[in-house]
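The values are calculated or read from the model by the stated rules, or taken from the named source; none is laboratory data. Only a predicted model underlies this, so the values are computations on that prediction, with no experimental measurement involved. Heads up, the Cβs are rebuilt from the backbone with ideal geometry, glycines too, and the neighbour counts pull from every protein chain shown. All accessible areas refer to the heavy atoms of the entire protein, side chains included, with ligands and DNA or RNA removed. Shrake-Rupley method; radii C 1.70, N 1.55, O 1.52, S 1.80 Å.
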Amino acid sequence: GNSVTQMEGPVTLSEEAFLTINCTYTATGYPSLFWYVQYPGEGLQLLLKATKADDKGSNKGFEATYRKETTSFHLEKGSVQVSDSAVYFCALSDPSSGGSNYKLTFGKGTLLTVNP
Amino acid sequence: GAGVSQTPSNKVTEKGKYVELRCDPISGHTALYWYRQSLGQGPEFLIYFQGTGAADDSGLPNDRFFAVRPEGSVSTLKIQRTERGDSAMYLCASSTQDGTEAFFGQGTRLTVV
């Protein structure tokens with residue numbers, strides 16, 4: 001079956017520090033990969049995605065590259081801000097799962113706190 | 001509305017009672033998903049609707065859980081004979097049929113006491 005393993009938190013950084021949150025996956029078929037973010041008091045929001053090997057998703061200064069050879073989709077940001085404090089979820093969608101693009105398998109989430 | 005709306009935002013019920021959780025998707029979105037998120041875990045898929053029909057209900061944990069979407073818009077997740085282990089955040093998401101993104105509601109936090 002499908003599974004996602006992501007770096008356990010919590011992660012605490014100072015403003016302007018470099019961020020990496022590791023994510024690896026196991027899937028049957030050829031999945032699409034996602035990072036979702038949940039800000040305090042808000043619902044899950046799509047941060048970025050990649051649909052095929054070597055694709056790079058990017059948004060709001062965050063990036064992640066779909067690495068088929070290492071089954072990874074690590075999230076990075078060069079300089080974090082206090083406003084980036086949130087829970088980050090890595091997820092995959094296997095297109096072989098009956099045509100639904102959003103039957104997602106999520107990791108457990110990583111809490112990021114950025115201090116000024 | 002502007003986004004996916006879930007009601008109530010919080011629900012406390014006694015063990016053994018029946019509960020209904022409601023999801024109003026974004027207007028025009030044909031696909032609707034229910035997920036369950038336990039504390040400290042990522043969301044887990046429950047069921048997916050395309051229009052009025054449940055296209056995939058493989059994530060429903062047992063026959064106490066049931067969901068409907070009679071007119072292809074609003075959906076209701078129904079839980080019978082609730083157990084304390086059903087306590088979780090229940091999330092709803094919607095998308096267009098071949099959409100590039102699924103939009104999530106803020107969830108209903110269910111507590112069974």
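Here A:G41, A:G1, A:G57 are screened, and the one residue that is modelled with pLDDT under 95 and closer than 22 Å to B:S94 by Cβ is A:G41.
Inside segment B:62-113, residues that are within 11 Å of chain A (Cβ to nearest Cβ) and either of a type in the set (D, E) or in a loop (DSSP other than H, G, I, E, B) (or both) make up a count of 10.
Comparison of A:F89, A:F62 shows that the only residue that is of a type outside the set (G, A, S) and touching a Gly at 6+ places or on another chain (Cβ under 9 Å) is A:F89. The strands (runs of 3 or more DSSP E) found wholly in segment A:38-108 and carrying at least 2 residues that are among the polar types (S, T, N, Q) occupy A:56-59. Listed by first and then second residue, the pairs linking a residue in segment B:36-61 that is part of a loop (DSSP other than H, G, I, E, B) and modelled with pLDDT of 90 or more to a residue that is among the basic types (K, R) and open to solvent by less than 30 Å² (accessible area, probe 1.4 Å), with Cβ atoms under 8 Å apart and 6 or more places separating them unless they lie on different chains, are B:G51/B:R69; B:T52/B:R69. The residue that is farthest from A:L44 (Cα to Cα), among those in segment B:64-94 that are of a type in the set (S, T, N, Q), under 14 Å from the mean Cα position of the chain (by Cα) and open to solvent by less than 10 Å² (accessible area, probe 1.4 Å), is B:S75.
How many residues are hydroxyl-bearing (S, T, Y) and open to solvent by less than 40 Å² (accessible area, probe 1.4 Å) when one looks only at segment B:95-113?
Initially, segment B:95-113 is screened for residues hydroxyl-bearing (S, T, Y), giving B:95-96, B:100, B:108, B:111.
Cutting the leftovers down to open to solvent by less than 40 Å² (accessible area, probe 1.4 Å) gives us B:95, B:108.
Matching residues across segment B:95-113 total 2.
Within segment B:95-113, restricting attention to residues that are within 14 Å of the chain's Cα centre (by Cα) and of a type in the set (A, V, I, L, M, F, W, C), which residue is modelled with the lowest pLDDT? Per the criteria, the residue is B:A102.
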